[in-house]
Amino acid sequence: MYVCTSRPSLDKMLDEKRKQGHKIHFVPTMGALHDGHISLLKQASQKNAVVVCSIFVNPTQFNDKADLDKYPRTLEADLALIEAGSDCRIVFAPDSPNEVYDQTYQEQTLGLEGLDKVMEGAFRPGHFKGVVNVVNQLFAIVKPDVTFFGEKDFQQLAIIRLMTKKLNLDIDIVGCPIIREPNGLARSSRNERLSVKMRAEAALIHQSLQELKSNYLKYSLETCKTHFMRSFENSPLEVEYLSIVDGHTLQEISEWHETAYAQACTAVFAGEIRLIDNVQIFA
């Protein structure tokens, strides 16, 4: 495996691969890898494609410095997992933020059509500005043909697709299904910070989303939301938000008939650990 810690070393390697006729398939990550990341790398592994994984904890997308400080840095374990579980053999792991935000960096101030103002954007001010800028920088560095993102970050995926369109980037954005633990909890780097008890309790998040999906034909949207919130009343988990939105605009709907594509998205605190999940109600 080639681990490139600087842009010149990565450029040299990828230029050689392109001259050999390979497409570049890219999976950007912030490390602390798990089976969900490996599933992205496996999906990226296709005929005539070279798979590149980046590992970079981006400081600009953390609105809470304490959250940034607590974010796990496990590079050696990440590299071992990539090598054992995927065909990815090129990793960009910049040894300094200056390798990403170098003298060529220009901050993007894109209008995101309201996609960044709701849900995660409402509770994490500035988060998606950081996401847009780091992803655009990584795109400029790697110059991928196709990039793969997990659907657990549903809002982020929608924003990156819009960013790619607005900047006229010739990059295909592929969304990949959520990978879950045996109890239904969406795989996340944050799960490693959960106690055994809280990890078991957190299964309620997916269970409640699935119940909402199962009942939408029987009840009004407001009743479904009420049932969802009540399911946490005797739980140590605390719901920060539940939003049922149009899957394209991410704007909340108040009645099922207002959209042909409904997505339920939630953020829940398990102690101090914040977890997100989502499920498609119908499309």
Please go through segment 64-109 and give me each residue that is outside any helix (DSSP H, G or I), out of contact with any Ser or Thr (no Cβ under 8 Å at 6 or more places or on another chain), at pLDDT below 90 and not aromatic (Phe, Trp, Tyr), ordered by number. 64, 102, 103, 104, 106, 107, 108, 109
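If you take the residues in segment 244-283 that are assigned to a strand (DSSP E or B) and β-branched (Val, Ile, Thr), which one is nearest to residue 213 (Cα to Cα)? If you could, list the steps in order and put the result at the bottom.
Looking only at segment 244-283, we keep the residues that are assigned to a strand (DSSP E or B), and these are 244-246, 252, 262-270, 273-282.
Within this subset, residues satisfying the condition of being β-branched (Val, Ile, Thr) are 244-245, 266, 268, 273, 276, 279, 281.
On the way: 244: 11, 245: 13, 266: 13, 268: 18, 273: 25, 276: 17, 279: 8, 281: 5 Å.
Per the criteria, the residue is 281.
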Residues being buried (at least 17 other Cβ atoms within 10 Å of the Cβ) and either outside the structural domain of residue 78 (by TED's automatic domain parsing) or within 17 Å of residue 142 (Cα to Cα) (or both): count how many of those fall in segment 41-52. 6
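What tally of residues in segment 33-47 results from selecting those that are farther than 28 Å from residue 102 by Cα and touching a residue at least 12 places away in the same chain (Cβ under 8 Å)?
Within segment 33-47, the subset farther than 28 Å from residue 102 by Cα is 34-36, 38-39, 42-43, 45-47.
The next check asks that each one be touching a residue at least 12 places away in the same chain (Cβ under 8 Å); those that pass are 34-36, 38-39, 42-43, 45-46.
Total satisfying the criteria: 9.
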Restricting attention to segment 33-63, the residues that are in contact with a helix residue (DSSP H, G or I) (Cβ under 9 Å, 6 or more places away or on another chain) and in a loop (DSSP other than H, G, I, E, B) number exactly 7
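When you look at residue 162, is it within 19 Å of residue 283 (Cβ to Cβ), surrounded by 14 or more Cβ atoms within 10 Å (Cβ to Cβ), without any contact (Cβ under 8 Å) to a residue 24 or more places away in the chain and in the same structural domain as residue 120 (by TED's automatic domain parsing), yes or no? Write out each step before concluding.
Values: within 19 Å of residue 283 (Cβ to Cβ): yes; surrounded by 14 or more Cβ atoms within 10 Å (Cβ to Cβ): yes; without any contact (Cβ under 8 Å) to a residue 24 or more places away in the chain: no; in the same structural domain as residue 120 (by TED's automatic domain parsing): yes.
Against the criterion (within 19 Å of residue 283 (Cβ to Cβ), surrounded by 14 or more Cβ atoms within 10 Å (Cβ to Cβ), without any contact (Cβ under 8 Å) to a residue 24 or more places away in the chain and in the same structural domain as residue 120 (by TED's automatic domain parsing)), residue 162 does not qualify.
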Out of 245, 268, 279, sole residue that is under 19 Å from the mean Cα position of the chain (by Cα), more than 21 Å from residue 36 (Cβ to Cβ) and in contact (Cβ under 8 Å) with a residue 60 or more places away in the chain: 245
Among the helices (runs of 4 or more DSSP H) lying completely within segment 144-230, list those that include at least 2 residues that are basic (Lys, Arg). 154-166, 196-201, 221-230
Any chance segment 16-32 includes a residue that's in contact with a Ser or Thr (Cβ under 7 Å, 6 or more places away or on another chain), buried (at least 17 other Cβ atoms within 10 Å of the Cβ) and either without any contact (Cβ under 8 Å) to a residue 60 or more places away in the chain or hydroxyl-bearing (Ser, Thr, Tyr) (or both)? yes
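Just to check your reading of the model, which residue among 3, 50 is more than 30 Å from residue 244 (Cα to Cα) and in contact (Cβ under 8 Å) with a residue 60 or more places away in the chain?
Values: 50 fails: in contact (Cβ under 8 Å) with a residue 60 or more places away in the chain.
Being more than 30 Å from residue 244 (Cα to Cα) and in contact (Cβ under 8 Å) with a residue 60 or more places away in the chain holds for just one of 3, 50, which is 3.
The values are calculated or read from the model by the stated rules, or taken from the named source; none is laboratory data. Remember, predicted model here, so these are calculated numbers, not experimental data. No Cβ is skipped: glycine too gets one built from the backbone with ideal geometry, and neighbour counts run over all protein chains shown.
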